[in-house]
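Data block below; observations after.
The values are calculated or read from the model by the stated rules, or taken from the named source; none is laboratory data. Just so it is clear, the structure is predicted and the values come from calculations on it, not from any experiment. A quick note on method: Cβ atoms are made from the backbone with ideal geometry, for glycine too, and the neighbour counts reach across all protein chains shown.
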Amino acid sequence: MEKLSSAQRRKKSLKAIELFTQHLFVNNKRLSKTISIDIKFHKLSGDTWGICDYEECDRRPKEFIIYIDRSLTDEKDVISTVAHEMVHVWQYATGKFKDYVGRPAHRYEDHIYDANMKYRDMPWEIEARLLEKVLYKAWVNNKYTKME
């Protein structure tokens, strides 16, 4: 397993965002050009490896920040986490997933879910875990993995 320096981690993560955007928004390239995604490396709490955050707006969010736990240095862990959080970017940007501000609920695929349900049972997380594997495989099979 390749350990990444801070500079390598950032560079590869930005390339992964680019690749994953192409894959996730293949049917909505116009939408992909209207969103912005930044990545930040911070110490995250507990066993959290990544967080997808967005700028509040009236409709679908367009500005996103992906936070990755700075203790991750293994390329597979970093890129898989970026992939997982990019699925959430895609879910939010397309309107597939929505947080309800001021109430403990989420909407996913036109169903309302209690925000306090178990993480492993959340359908948007199940989808993110599945697509994370697909995206990571695309990364491995792509020229970006050869970058220094």
Answer residue from segment 100-129, given it is surrounded by 11 or more Cβ atoms within 10 Å (Cβ to Cβ) and of a type in the set (A, V, I, L, M, F, W, C) and is farthest from residue 13 (Cα to Cα) among those = 112
task = Give the number of residues within segment 48-80 that are without any contact (Cβ under 8 Å) to a residue 40 or more places away in the chain, hydroxyl-bearing (Ser, Thr, Tyr) and either under 12 Å from residue 132 (Cβ atoms) or in contact with a helix residue (DSSP H, G or I) (Cβ under 7 Å, 6 or more places away or on another chain) (or both).
result = 1
task = Grab the strands (runs of 3 or more DSSP E) fully contained in segment 1-82, keeping just those with 3 or more residues being under 18 Å from residue 125 (Cα atoms).
result = 50-54, 63-69
query = For segment 33-47, what are the residues that are surrounded by 16 or more Cβ atoms within 10 Å (Cβ to Cβ) and either more than 18 Å from residue 128 (Cβ to Cβ) or β-branched (Val, Ile, Thr) (or both)?
reply = 35, 37, 39, 41
task = Check 69, 121 and return the single one that is farther than 20 Å from residue 23 by Cβ, modelled with pLDDT of 95 or more and out of contact with any strand residue (DSSP E or B) (no Cβ under 8 Å at 6 or more places or on another chain).
result = 121
query = Do the conditions hold for residue 62, that is, is it modelled with pLDDT under 95, of a type in the set (D, E, K, R) and surrounded by 15 or more Cβ atoms within 10 Å (Cβ to Cβ)?
reply = yes
remark   = Log entry, pairs with first residue in segment 87-99 being within 22 Å of residue 16 (Cα to Cα), second being small (Gly, Ala, Ser) and modelled with pLDDT of 95 or more, beta carbons closer than 7 Å, six or more apart or on different chains, reads 87/128; 88/128
inquiry  = Given the condition of a type outside the set (Ser, Thr, Tyr) and part of a helix (DSSP H, G or I), answer yes or no: does some residue in segment 108-120 qualify?
reply    = yes
